Amino acid sequence: MGMVITAAAAATAAAAATALPDDTASAPTSVVDLAGRAARGALTRARVSASSIGVLINVGVYREHNTFEPAMSALVQKEVGINLDYIADPEPAAGFSFDLMNGACGVLNAVQVGQALLDTGSTERLLITAADVHPGGDADRDTGYPYADLAGALLLERSADPHAGFGPVRHYTADRPTDVEGYLDTDTMGRNGRTTITVRREPGHAERLSAFAASAAADYAQEIGIDLDRTLVIGPSPSPSPSAAPSPSASVSPFPSASASADGAGLRGEPHTAAPVLGYLQAMDGVRRDDHDQILFVSVGAGPSAACALYRPEGW
């Protein structure tokens, strides 16, 4: 049995702000709130309860106040209400959560872990959440911070269809220094360490990451033996810079491709960790299934590192 996406959902800071009272609308965006909204959206679409989730994996990188402890997954688990008392309520699932951070490739890392957990029967349902926010809530004013306040969630289950679900996840690295990195600069942060972050992106990074993503997709297709002409490639978001190269997914041309579009989602900034979820939602909303046999997820980011995973939705 393969592991399939039962439901997916995304949440944006703009949508969250409209749901808040006027006196709290100016509060910093919370990664826990965004991830919780995306998770509840996926559960609602699948028509399943939070108590049926056995494992939650959170893969977001940037979070309010640069929080690292406690694990953000535990806070998201509480926000969603996933089996908060595993001793009193061990059924239908005890509930376990953990963080798994690997930048832009985090979602596909979680997919790989999810395959092992579902294959061994460790859980029946697994929820992946990915969310990034500016640590100080200043994404609109901090021109050096490129990423959107965005969350995504994937609900994964086993399918009785042997032809559906995820194929193997593969990871690729380039033998050169990274063009992109995010870090807390302890030499300059002063008293603002909880509300600042430094994101360094070298000139020409978009072109190099684009070429690297294309190379990873081609290597994966050759290894797995898939026809890219019949494969919808879902890659990262294009860079908003007019002088930047096309998105990594577009660089795989002439193969059919899609990306997580910031414009289409009404975002300010680029999708980061949640990009694969947003790309999947946008692709499934407009894809002509007769034109494709499968989907190929491609993520690329700091390292430089890339991850690829084949996916066949049920019914394709």
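Observations on the model:
- Qualifying residue in region 66-87 (condition: outside the structural domain of A307 (by TED's automatic domain parsing), of a type in the set (A, V, I, L, M), modelled with pLDDT of 90 or more and assigned to a strand (DSSP E or B)): no
- Once region 36-65 is narrowed to residues that are part of a strand (DSSP E or B) and not polar (S, T, N, Q), the residue that is farthest from L84 (Cα to Cα) is I57.
- Lone unmet requirement of (1) modelled with pLDDT under 90; (2) crowded, with 24+ Cβ neighbours inside 10 Å; (3) β-branched (V, I, T) for T18: (2)
- Selection from region 112-136 of residues that are part of a loop (DSSP other than H, G, I, E, B) and within 26 Å of N66 (Cα to Cα): V133, H134, P135, G136
- When V199 is tested against (1) out of contact with any Ser or Thr (no Cβ under 8 Å at 6 or more places or on another chain); (2) modelled with pLDDT of 80 or more; (3) not in a loop (DSSP other than H, G, I, E, B), just one condition goes unmet, and that condition is (2).
- Residue in region 228-241 that is at pLDDT 90 or above, closer than 28 Å to H163 by Cβ and charged (D, E, K, R) present: no
- The requirement of being assigned to a strand (DSSP E or B), in contact with a Lys or Arg (Cβ under 7 Å, 6 or more places away or on another chain), in the same structural domain as V31 (by TED's automatic domain parsing) and not hydroxyl-bearing (S, T, Y) is satisfied by E157.
The values are calculated or read from the model by the stated rules, or taken from the named source; none is laboratory data. The structure presented is a predicted model; accordingly, all values stated were derived computationally and were not measured. Virtual Cβ from ideal backbone geometry, glycine too; neighbours counted across all protein chains shown.
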